[in-house]
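Trainee: Quick one: this structure, given as structure tokens, is what I'll be asking you about.
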Amino acid sequence: MDRKMKSVFLPRENRGKILHAHGGQILREGETYYWIGEDRTERNKVSCYKSKDFLNWEFCNHILTLDSQTEKRFPDRDLRLDIPEQKAAIGIGCNIERPKVVYNEKSQQYVMWMHWEMPGDYKLARCAVAVCDTIDGDYTYLGSFNPLGYMSRDCTLFVDDDKCAYFISAARDNQDLHIYRLTEDYLSIESKVCTLWPGELREAPVMFKRNGYYYLLTSGCTGWQANQSSYAYSRYIDHGWSRRFELGNETTYQSQPTGIIKTDNSLSGEAEYWYLGDRWGGSGEAYFQSEYVILPLLFLSDTSLSLEWKAEIEYEHFIYHGR
Ligand code: DGJ
């Protein structure tokens, strides 16, 4: 049996349609992986798929669409998803990018944060939040806003061991990268805890923690073109960040970071960390041919990591063996 899969791929799901979960993340719950990301087909915005082996993906739901239920829980947030006055000119509804979902143990709800824009440009630079009782259900949209008044474009979420959650996003026209601590319910910003690399134009943030070190992967800022990504590490989330080190080659193997997939090696029982990236097709119709890139992250020490090119990876790594 051939246990290998291509490291660059664009799968079809169980209905025979292309799997659209761009700028997304892959989460494991028990034995099941959920893949959540951007879906720009029809009136869809964010979709969810599931798999137990990474080869066969089943469509779960369009979890956020232009027709999602909205709720005015926060008076200062804008609840617009559909933007009818702009529809004829520039496509359908608002633009949602890089949606990320985390589970809040206290509220027992899944919370989604994302990048929100009016169709056609990236000028308003807002984040937005949605919630749901199940990972793949119909999310209720709670609106878009500028966190603490700042611009907010490429973004991600991170939940620490103490269950504090953080929202990381590009501010000041992408010049700076902000780390914000979220409130206990993960629905609002509590405070800004760190500004990283002022003026260095970082995008596509991805954060994870390993052996007591926080890691932050980011790309440069070149639109849909791939560029050299980097990583930095710190013992503390709000200070002490290292300088940035290069990750992968000068185009990050033609990809831009979007997530980390944590798996368990069935033989060693050790956690493995896989890089998930987007190989963007570009804007317009080309966007829909954007592929996904999965490559292993290798740790040379607790503070040194490398992303090596492999044309094929063994999908056995992703199958959960009950640890
Ligand atoms: C790079 C970002 O990382 C993507 O999410 C998207 O916003 C493109 N730029 C648009 O050019």
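Trainee: Quick check on Arg181: is it more than 15 Å from Arg98 (Cβ to Cβ) and within 18 Å of the chain's Cα centre (by Cα)?
Mentor: yes
Each row is one residue, and each column tells you yes or no for (1) exposed (fewer than 15 other Cβ atoms within 10 Å of the Cβ); (2) modelled with pLDDT of 95 or more; (3) closer than 26 Å to Ala165 by Cα.
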{"residue": "Asp76", "(1), (2), (3)": "yes, yes, yes"}
{"residue": "Glu85", "(1), (2), (3)": "yes, no, no"}
{"residue": "Ile90", "(1), (2), (3)": "yes, no, no"}
{"residue": "Gly93", "(1), (2), (3)": "no, no, no"}
{"residue": "Gln108", "(1), (2), (3)": "yes, yes, yes"}
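Trainee: Which of the residues that make up the stretch 275-293 are within 14 Å of the ligand (Cβ to nearest atom), over 14 Å from Tyr253 (Cα atoms) and not in a loop (DSSP other than H, G, I, E, B)?
Mentor: Gly284, Ala286, Tyr287, listed by residue number.
Trainee: Just to verify a result, which residue in the stretch 46-67, among those that are open to solvent by less than 20 Å² (accessible area, probe 1.4 Å) and either of a type in the set (Ser, Thr, Tyr) or touching a residue at least 60 places away in the same chain (Cβ under 8 Å) (or both), is farthest from Phe145 (Cα to Cα)?
Mentor: Phe54
Trainee: Next up: Pull up the stretch 248-300, narrow it to residues that are under 23 Å from Thr156 (Cβ atoms), modelled with pLDDT under 95 and among the acidic types (Asp, Glu), then point me to the one that is surrounded by the most Cβ atoms within 10 Å (Cβ to Cβ).
Mentor: By that ranking, first place goes to Asp264.
Trainee: Could we say that Asp82 is closer than 20 Å to Ile260 by Cα, more than 16 Å from the ligand (Cβ to nearest atom) and part of a loop (DSSP other than H, G, I, E, B) here?
Mentor: No, not satisfied.
Trainee: What number of residues within the stretch 184-224 satisfy the criterion of being of a type outside the set (S, T, N, Q), within 16 Å of Glu97 (Cβ to Cβ) and open to solvent by 10 Å² or more (accessible area, probe 1.4 Å)?
Mentor: Qualifying residue count for the region: 5.
Trainee: Another one. If you scan the stretch 136-174, which residues turn out to be within 18 Å of Leu81 (Cα to Cα), part of a strand (DSSP E or B) and either among the charged types (D, E, K, R) or within 16 Å of the ligand (Cβ to nearest atom) (or both)?
Mentor: Within the stretch 136-174, Ser144 is the sole residue that qualifies.
Trainee: Now a separate question. Could you tell me how many of the residues in the stretch 234-278 are farther than 16 Å from Ala204 by Cα and in contact (Cβ under 8 Å) with a residue 60 or more places away in the chain?
Mentor: 7
Trainee: Condition first: among the aromatic types (Phe, Trp, Tyr) and open to solvent by 20 Å² or more (accessible area, probe 1.4 Å). Now tell me which residues in the stretch 122-152 satisfy that.
Mentor: The answer is Tyr122, Phe145, Tyr150.
Trainee: Still on this structure: So for the stretch 14-34 (the condition being within 16 Å of the ligand (Cβ to nearest atom) and open to solvent by 10 Å² or more (accessible area, probe 1.4 Å)), does at least one residue qualify?
Mentor: Checking the stretch 14-34: at least one residue is within 16 Å of the ligand (Cβ to nearest atom) and open to solvent by 10 Å² or more (accessible area, probe 1.4 Å).
Trainee: Next up: Can you pull out every residue in the stretch 222-247 that is part of a loop (DSSP other than H, G, I, E, B), within 16 Å of the ligand (Cβ to nearest atom) and not hydrophobic (A, V, I, L, M, F, W, C)?
Mentor: Result: Thr222, Gly223, Gln225, Asn227, Gln228.
Trainee: Quick check on my filter: what residues within the stretch 1-27 are modelled with pLDDT under 95 and either out of contact with any helix residue (DSSP H, G or I) (no Cβ under 6 Å at 6 or more places or on another chain) or not basic (Lys, Arg) (or both)?
Mentor: Hits for the stretch 1-27 are Met1, Asp2, Lys4, Met5.
Trainee: So Trp116 clears everything in (1) part of a loop (DSSP other than H, G, I, E, B); (2) within 16 Å of the ligand (Cβ to nearest atom) except one condition, right? Which one?
Mentor: (1)
Trainee: Which of the residues belonging to the stretch 193-221 are away from the ligand (no atom under 14 Å from the Cβ), in a strand (DSSP E or B) and either among the charged types (D, E, K, R) or in contact with a helix residue (DSSP H, G or I) (Cβ under 6 Å, 6 or more places away or on another chain) (or both)?
Mentor: Listed by number, the residues that qualify are Lys209, Arg210.
The values are calculated or read from the model by the stated rules, or taken from the named source; none is laboratory data. The shown structure was predicted, so the numbers you read here are calculated from the model rather than taken from an experiment. A quick note on method: Cβ atoms are made from the backbone with ideal geometry, for glycine too, and the neighbour counts reach across all protein chains shown. Ligands, DNA and RNA are excluded from the accessible area calculation, which covers all protein heavy atoms including side chains. Shrake-Rupley method; radii C 1.70, N 1.55, O 1.52, S 1.80 Å.
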